[in-house]
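The values are calculated or read from the model by the stated rules, or taken from the named source; none is laboratory data. Bear in mind the structure is a predicted one, so any value in this text is a computation, not a measurement. Virtual Cβ from ideal backbone geometry, glycine too; neighbours counted across all protein chains shown. Calculation scope for accessible area: heavy atoms of the full protein, side chains included, ligands and nucleic acids excluded. Shrake-Rupley method; radii C 1.70, N 1.55, O 1.52, S 1.80 Å.
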Amino acid sequence: MKKNISNRRAFLKLTGKAGVAAGLSISSFPSLAKVISQQPFTSSFEDIPYTQTPLPYQYNALEPSIDAMTMEIHYTKHAATYAKNLAEAAKAENVDAGKVKLENLLGNISKYSPKMRNNAGGHYNHELFWKSMGAPSGKNAPSGKLLAAIEKDFNSVDTFKTQFADAAKNRFGSGWAWLVLTGDKKLVIGSSPNQDNPLMDIAEVKGFPVMGLDVWEHAYYLKYQNKRPDYITAWWNIVNWDYVQNRFSGI
Ligand code: MN
């Protein structure tokens, strides 16, 4: 019995929504409501600070999939601006970066300003994006536990890649495609507009972002112009599957 309660607590901590679906009202557990409000999703894999970290490779390392000039402008201008504006928003809205994990801030993003939403999302998404890529290594496919989970939830790697690429192609305007681990430990595909992401309490598909693909035009326009599908196809060659698998295993 005690074990069941502790399982239920852990379950509710991961997904308040599923608790409601199971007929459990969060409001009947006041102490739990607070926990859920502050920690909508928890993971031991939290390696993204509030400030921009060094790019883990040279600007030209991802060629020919992504050209050096695109990488340099993307990292030093676009992403740097998100980090700068996040720092401003955190100061203005009294967020102590030493106390509030970025993941938890994103989980409560509806309580903050649009500036916070755009820039906390923009900063987190890009930090994740840089780390999820690397020079082509010959190991351009998932393996281990991640492979097993992909085969369980999508039937095959090919089906997963097709669905992910479709989400990226079909995202109208600027946004991201995501591989998301939901609160009930299922891998699903999502996409979000602008700089939103699956950690956000306002997200359509909520969960832990295992990997994400930036489909803003600034990510590909210099080399690919209007041919977003060509960028997406080329992107698979530079996925850093070791990093993606570490994120997945940490949950
Ligand atoms: Mn971008």
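A few remarks follow.
- For the stretch 75-119, alpha-carbon Rg over 2.2 N^0.38 Å: 1.10
- Each Lys or Arg adds one and each Asp or Glu subtracts one; over the other residues with Cβ under 10 Å from the Cβ of Gly250, this totals -1.
- A 1.4 Å probe run over the protein chains yields, for the stretch 67-251, 43 Å² of accessible area per residue, whole-number rounding.
- Gyration tensor (alpha-carbon) shape descriptor, the stretch 67-251, a/c threshold 1.5: oblate
- When the solvent-accessible area of the stretch 130-207 is split by element, carbon and sulfur atoms take up 51 percent of it, the probe being 1.4 Å.
- A Förster radius of 25 Å, combined with the Cβ-Cβ distance separating Ser174 from Glu88, puts the computed FRET efficiency at roughly 0.70.
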